Amino acid sequence: MKAKFFYDGNCDFCSGLADYWKLKTDTKQIDFLSFRDYSESELLKFHSQLTWDKCEGNVQLIYGNSRLPGFFGVRRMLFWTKYKYLAPILYLPLVPFLGVAVMYFLRFFKSKK
């Protein structure tokens, strides 16, 4: 089963992130979908915790039975790119805190434009 990367089609940062990863990842491994194309009940069929509130202004990776939001989804997607050898660095202690902060600030400044 392919992983699903849900993004907010109304968020410039989220759409830009999805467009970037579409070019960098193996599309046999993952589908890129705007959550706005689905109703709340359709989203729940993909994953029991996937709701409009969690998807708004954010990205979500559904991989198997796991829902990985924001940085954690992007970190997992690195394994499907040519950068897969760098992905383990993002699992080092304290790196997730920095990653979440960077994603927050990028989203904040990108949405200001």
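The values are calculated or read from the model by the stated rules, or taken from the named source; none is laboratory data. Because the structure is predicted, anything quoted here is derived from the model rather than measured. Here Cβ is always computed from backbone atoms with ideal geometry, including for glycine, and neighbour counts include all displayed protein chains.
Name the residue that is surrounded by the fewest Cβ atoms within 10 Å (Cβ to Cβ), counting only residues in the stretch 16-30 that are in contact (Cβ under 8 Å) with a residue 12 or more places away in the chain and touching a strand residue (DSSP E or B) at 6+ places or on another chain (Cβ under 8 Å). Outline the logic, then answer.
Pass one, the stretch 16-30, residues in contact (Cβ under 8 Å) with a residue 12 or more places away in the chain: 16-18, 21, 24-26, 28-30.
Still in the running and touching a strand residue (DSSP E or B) at 6+ places or on another chain (Cβ under 8 Å): 17-18, 21, 29-30.
Details: Leu17: 23, Ala18: 19, Trp21: 22, Gln29: 13, Ile30: 20.
Looking at residues that are in contact (Cβ under 8 Å) with a residue 12 or more places away in the chain and touching a strand residue (DSSP E or B) at 6+ places or on another chain (Cβ under 8 Å), I get Gln29.
Only residues that are of a type outside the set (Ser, Thr, Tyr), modelled with pLDDT under 90, surrounded by fewer than 15 Cβ atoms within 10 Å (Cβ to Cβ) and in a helix (DSSP H, G or I): list them for the stretch 80-108, please.
Val102, Phe105, Leu106, Phe108, listed by residue number.
Sort out which residues of the stretch 3-22 are under 17 Å from Leu78 (Cα atoms) and among the small types (Gly, Ala, Ser), and write them in order of number.
Ala3, Gly16, Ala18, listed by residue number.
Collect the residues in the stretch 12-26 that are within 13 Å of the chain's Cα centre (by Cα) and assigned to a loop (DSSP other than H, G, I, E, B), keeping them in residue-number order.
Result: Thr25, single match.
Among the residues of the stretch 31-48, which ones are surrounded by fewer than 18 Cβ atoms within 10 Å (Cβ to Cβ) and not in a strand (DSSP E or B)?
Within the stretch 31-48, Arg36, Asp37, Tyr38, Ser39, Glu40, Ser41, Glu42, Leu44, Lys45, Phe46, Ser48 meet the criteria.
Can you tell me which residues in the stretch 49-64 are assigned to a loop (DSSP other than H, G, I, E, B) and touching a residue at least 12 places away in the same chain (Cβ under 8 Å)?
Start the filter on the stretch 49-64 by keeping residues that are assigned to a loop (DSSP other than H, G, I, E, B), which leaves 49-51, 56-58, 64.
Correct list: Gln49, Leu50, Glu56, Gly57, Asn58, Gly64.
Leu94: out of contact with any strand residue (DSSP E or B) (no Cβ under 8 Å at 6 or more places or on another chain) and either over 19 Å from Met1 (Cα atoms) or among the hydrophobic types (A, V, I, L, M, F, W, C) (or both), yes or no?
In short, yes.
Quick test for you: out of Arg67, Arg76, pick the one residue that is in contact with a His (Cβ under 8 Å, 6 or more places away or on another chain), at negative phi and not small (Gly, Ala, Ser).
Details: Arg76 fails: in contact with a His (Cβ under 8 Å, 6 or more places away or on another chain).
Within the list Arg67, Arg76, the selection yields Arg67.
For (1) out of contact with any helix residue (DSSP H, G or I) (no Cβ under 9 Å at 6 or more places or on another chain); (2) among the β-branched types (Val, Ile, Thr); (3) within 15 Å of Arg107 (Cβ to Cβ), each residue gets a yes or a no:
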position: Phe5; (1), (2), (3): no, no, no
position: Leu17; (1), (2), (3): no, no, yes
position: Tyr20; (1), (2), (3): yes, no, yes
position: Asp37; (1), (2), (3): yes, no, no
position: Glu40; (1), (2), (3): no, no, no
position: Lys45; (1), (2), (3): yes, no, no
position: Cys55; (1), (2), (3): no, no, yes
position: Ser66; (1), (2), (3): no, no, no
position: Phe72; (1), (2), (3): no, no, yes
